[in-house]
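Written below as structure tokens is the structure these notes are about.
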Amino acid sequence: MDSYCHYRRFLALHPVIMDIIMITNTSEGQMSKAHEYAQQHRDEFRQQLHQLLRIPSVSTSPQHAGDVRRAAEWLKTEMLRIGFESAEVIHTPGHPIVYGEWLGAGETAPTILIYGHYDVQPAEMIDGWTHDPFDPIERDGKIYARGSTDDKGQTFVHLKAIESLLQTEGTLPVNIKLLIEGEEEVSSLNLGAFVSANQDRLKADVCVISDTAILAVDQPSIVYALRGLTYMEIHVHGPQTDLHSGVFGGTVHNPAQALAEIITALHQPDGSVSVPGFYDDVLTLDEEERAELKKTDWALDDWAKATGLDHPWGEAQYTLRERVGARPTLEVNGMVSGFYGEGAKTVLPAKALAKISCRLVANQDPQRIYELVRDYVAQITPPTVRSEVRLLHTGDAAFVDRHTPVMQAAIQAYTQGWGKPPVFMREGGSIPIVANFQRELGLPVILMGFGLNTDGAHGPDEHFTIEMFHKGIDTVIHFFKLMGRK
Ligand code: BES
Ligand code: MN
Ligand code: MN
């Protein structure tokens, strides 16, 4: 209540904001020259996106490092072509960052920092793709290719919105700083240092990111919570070498079994995580927010269709949306031990490994979660084996204030783009750099997603719905215009 009053007072003092609210209440989105341009160049825009999608910029594979660089160069060239004042490929100890500016709106106009990523997850035919993941095709109103929705297609929306405005009006209503990284899918290893070292250069009024999903093709939504991440490995060491399971079986605690026992002990039967202190910093949802989240709940049917399963699992006292959006988890991402070739081998393995990751919610400290898991695993490891928990990487959760003036502009932009106001939604995925933008640049962040959770991101046959691509461009044009109103 208190913060709401404060917000109202804030609005009263800011004419620009009042103006935005007025538009929210009165006008429908109008087709501008820029919108017409975007409409006339629909097919061309998608052909250009196909070019970018053809570059296999897989950040996790060293053999694709050249392709990653090629994608960065392609984007830089495209940015200069559409009228950016500057664009450069900035090298890092890992994959390059693409950064460009258009600051022609002048100092009195707001500046928007747009962030996206051009790196993609691996994709091979053997994973179940029905066509080459790096040879985009359009089928049933969708563009199929790795990176089509995550995140080349969604980032490209911004480039095409900017092009449409520059081509028709010769100017933009806002200043633009565009930052596209090549390491998001490997947890933004070098971007944090770049942001810290370039705080002045990245100064802006708002950060906009299109790398999330909306609720449905006909129901826009704005994500205001993303989860963080603590990624670990549990190593269990048993005998000094693999042993004959007949000679030693029954006398040696099998490391694969010991690991399974440890993993089992990490959850309670009710689906909650057993690690002491794990939930200490989790904020509880108030009734108002739970009611709001109900609007975005995951229908059991949709969940069943997306997973191929009949029965959900997890903390029964929370809805499916709350479980992915507002509750932390501990997942086994993979396990390796012993013999897994064809046929049979009677072996007692020397070691076992599990990849474990925790998705975290706002206010949880990823480093502390690592320490808690590490200490608990040490405590429950029996004396018959030796265990070790290694930290691979962490990422902070993000929580976005829904009551900022820029959020009002985003709400209005979606309303104009879709003819329907957006609802607020929490998401389970992670974009680790969001917290850095908030903390180090002091920026309000808008997660202006245009994907769908059914797009198959990270899986086979990833796709981006063509209608979402074009509505996204329209919406971003509206957003720039709303932000630039004075
Ligand atoms: N675009 C996703 C993040 C996302 C996924 C947001 C689903 C909302 C819903 C992003 O590219 C991604 O996959 N992030 C990784 C981060 C990790 C590698 C640190 C993730 O969430 O696993
Ligand atoms: Mn992404
Ligand atoms: Mn991703």
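So which lysines pass the test for LYS355, namely a Cα distance under 20 Å, with those fewer than 8 places away in the same chain ruled out? Hits, sequence-local ones excluded: zero. The distance linking region 367-381 with region 101-179 is 40 Å (Cα centroid to Cα centroid, whole angstrom). The local environment of ALA123, defined by Cβ-Cβ distances under 10 Å, has a net charge of -4 under the rule Lys, Arg +1 and Asp, Glu -1. Simple spin-label estimate for GLN63 and THR346 gives 3.8 nm between the two label positions (7 Å along the Cα-to-Cβ direction from each Cα). Only helices enter the 222 nm calculation for the chain: every DSSP H run of n ≥ 4 contributes -39,500 (n - 2.57), and dividing by all residues gives -11500 deg cm²/dmol, rounded to 500. Which whole number in µm²/s is D for region 396-486 by Stokes-Einstein, with the Kirkwood Rh taken over Cα pairs at 25 °C and 0.890 mPa s? Translational diffusion coefficient: 168 µm²/s. FRET efficiency for the ARG390 to THR130 pair, using the beta carbon distance and R₀ = 41 Å, is estimated at 0.65. Here the chain is scanned for chymotrypsin sites (Phe, Trp or Tyr not before Pro) in DSSP loops (not H, G, I, E, B) that have at most 10 other Cβ atoms within 10 Å, and the longest stretch holding none of them is 1-312. Within region 240-371, the ratio Rg/Rh, alpha carbon atoms throughout and Rh by Kirkwood, equals 1.10.
Maximal additional length on extending the ASP302-GLU85 stretch stands at 73.6 nm, based on 0.36 nm per residue less the C-alpha distance. For trypsin sites (Lys or Arg not before Pro), the sites in region 275-366 that DSSP calls loop and that have at most 14 other Cβ atoms within 10 Å are LYS295, LYS345.
Couplings 3J(HN,Hα) for region 434-450, derived from phi with the Karplus relation 6.51 cos²θ - 1.76 cosθ + 1.60 (θ = phi - 60°), are 4, 5, 5, 4, 5, 6, 8, 9, x, 9, x, 10, 10, 8, 9, x, 10 Hz, where x marks Gly and Pro. Less than 5 angstrom separates the built amide H of GLY104 from those of ILE176, all sequence-distant by 5 or more or on a different chain. 3J(HN,Hα) couplings calculated from phi for region 100-106 with the Karplus curve 6.51 cos²θ - 1.76 cosθ + 1.60 (θ = phi - 60°) are, in sequence order, x, 9, 9, 10, x, 6, x Hz; Gly and Pro show x. Against the chain, whose longest principal axis comes from its Cα atoms, helix 152-169 is set at around 10 degrees.
Taking trypsin sites (Lys or Arg not before Pro) across region 393-466, the ones in a DSSP loop with at most 16 further Cβ atoms lying within 10 angstrom of their Cβ are ARG402. Beta bridges assigned by DSSP with both partners in the chain are antiparallel in approximately 70 percent of cases. Of LYS76/LYS160; LYS160/LYS305; LYS177/LYS471; LYS76/LYS420, which ones are farther than 25 Å apart at the Cα? Going by Cα-Cα distance, LYS160/LYS305; LYS76/LYS420 fall outside the 25 Å limit. Counting only alpha carbon atoms, the long axis of helix 405-418 and the longest principal axis of the chain meet at about 80°.
Surface composition of the chain: carbon plus sulfur atoms contribute 51% of the solvent-accessible area (1.4 Å probe, protein chains only, all chains present). Taken as Cα centroids, region 396-461 and region 323-365 sit 29 Å apart, rounded to the nearest whole angstrom.
Which of rounded, prolate or oblate describes the chain when judged by the alpha-carbon gyration tensor and an a/c cut-off of 1.5? Note, shape of the chain comes out prolate. Axis of helix 466-484 versus longest Cα principal axis of the chain: the two differ by about 60°, to the nearest ten degrees. Under the simplified labelling scheme, the MET31-SER196 pair shows an inter-label distance of 5.1 nm, with each label point 7 Å from Cα along Cα→Cβ.
Each label point was placed 7 Å from the Cα along the Cα-to-Cβ direction; for ASP375 and GLU288 their separation is 3.6 nm.
Listed values for region 199-215 are Karplus-derived 3J(HN,Hα) couplings in whole Hz (6.51 cos²θ - 1.76 cosθ + 1.60, θ = phi - 60°), namely 4, 5, 4, 8, 3, 7, 9, 7, 10, 10, 10, 10, 8, 9, 9, 9, 5, and x replaces Gly and Pro. List residues of region 135-177, by number, whose backbone nitrogen lies under 19 Å from a label position 7 Å along Cα→C-beta of ASP205. Output list for this probe position: 162, 165-166, 171-177.
Within region 198-286, the trypsin sites (Lys or Arg not before Pro) that combine a DSSP coil assignment with at most 15 other C-beta atoms in a 10 angstrom radius are ARG201, LYS203. Length gained on full extension, LEU309 to ARG439, computed as 0.36 nm times the residue gap minus the Cα-Cα distance: 42.8 nm.
The values are calculated or read from the model by the stated rules, or taken from the named source; none is laboratory data. Predicted, not measured: the structure shown is a model, and the values here were computed from it. When we count neighbours, we look across all protein chains shown, and the Cβ atoms used for this are built from the backbone with ideal geometry, even at glycine. The accessibility values were calculated without ligands, DNA or RNA, using every heavy atom of the protein model including side chains. Shrake-Rupley method; radii C 1.70, N 1.55, O 1.52, S 1.80 Å.
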